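> I have a structure I would like to understand better, so I am pasting it below and will then ask my questions one at a time.
The values are calculated or read from the model by the stated rules, or taken from the named source; none is laboratory data. All of these numbers come straight from a predicted model, not from anything done at the bench. Here Cβ is always computed from backbone atoms with ideal geometry, including for glycine, and neighbour counts include all displayed protein chains. SASA here: full protein model, heavy atoms, side chains in, ligands and nucleic acids out. Shrake-Rupley method; radii C 1.70, N 1.55, O 1.52, S 1.80 Å.
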Amino acid sequence: MAKPKDNPNYKVIADNRRARFDYAIEDDLEVGIVLQGSEVKSLRENSANIAESYAAVEDGELWLVNSYIAPYNRAMFPHEERRRRKLLVSRKELSKLWNETQRKGMTLVPMVLYFNHKGMVKMKIGIAKGKKNHDKRETQAKRDWGRQKQRLLKTAG
């Protein structure tokens, strides 16, 4: 993340670690998310998963589909765990995202869910294209070579 780590309000809630492995991320965008009170309380306890979720532009709005936020036990009005949540973007960004997904065949992948420096819940979504198996093998080979190179430099130097 490009956010400063020294800020006491900044906190990563959920991270989609497979996003960069399964997709070639071309661009990313910070968006807001519409939540209920019990969802925010649950997120403060670090109980969310965005690994199997995706974002979609439907009827002129951006939605987060299949994300999991655990139920908050002490909530008077509990929330549904896997409900569709609305994402907040400007109209210009929304038209760009619609263009990327509908015309160019890209996918909107949630990458990180976090509290920003103001304490608001934000999400970083990536505009991505799916990788083929040979691309994944190439990425893994580069990563393995980088690790091996670091080991060699550490022992030799």
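> Which residues, taken from region 29-48, are acidic (Asp, Glu) and not in a helix (DSSP H, G or I)? Before you say what the answer is, go through the steps one by one.
Let us first name the residues in region 29-48 that are acidic (Asp, Glu), namely 30, 39, 45.
If the condition is that a residue be acidic (Asp, Glu) and not in a helix (DSSP H, G or I), then GLU30, GLU45 are the ones that fit.
> Please go through region 79-90 and give me each residue that is assigned to a loop (DSSP other than H, G, I, E, B) and within 18 Å of MET120 (Cα to Cα), ordered by number.
VAL89, SER90
> Then there is this: May I ask you to verify whether LEU88 is in contact with an Asp or Glu (Cβ under 8 Å, 6 or more places away or on another chain), of a type outside the set (Lys, Arg) and at pLDDT 90 or above?
No; evaluated as a whole, the condition is false for this residue.
> Any residue at all in region 49-63 that's assigned to a helix (DSSP H, G or I) and under 12 Å from ARG85 (Cβ atoms)?
So far as region 49-63 goes, no, none of its residues is assigned to a helix (DSSP H, G or I) and under 12 Å from ARG85 (Cβ atoms).
> Six or more apart or on different chains, Cβ under 9 Å: which pairs go from a residue in region 42-67 that's on the phi > 0 side of the Ramachandran plot to one that's small (Gly, Ala, Ser) and buried (at least 18 other Cβ atoms within 10 Å of the Cβ)? Could you list them?
ASN46/ALA14; ASN66/SER53
> Residues that are within 17 Å of VAL121 (Cα to Cα), touching a Phe, Trp or Tyr at 6+ places or on another chain (Cβ under 7 Å), modelled with pLDDT of 90 or more and open to solvent by 60 Å² or more (accessible area, probe 1.4 Å): does region 58-78 have at least one?
Within region 58-78 (the criterion being within 17 Å of VAL121 (Cα to Cα), touching a Phe, Trp or Tyr at 6+ places or on another chain (Cβ under 7 Å), modelled with pLDDT of 90 or more and open to solvent by 60 Å² or more (accessible area, probe 1.4 Å)), the answer is no, since none of the residues qualifies.
> Working carefully through the options THR155, THR139, find the one that is open to solvent by less than 50 Å² (accessible area, probe 1.4 Å) and outside any strand (DSSP E or B).
After applying the criteria, what remains is THR139.
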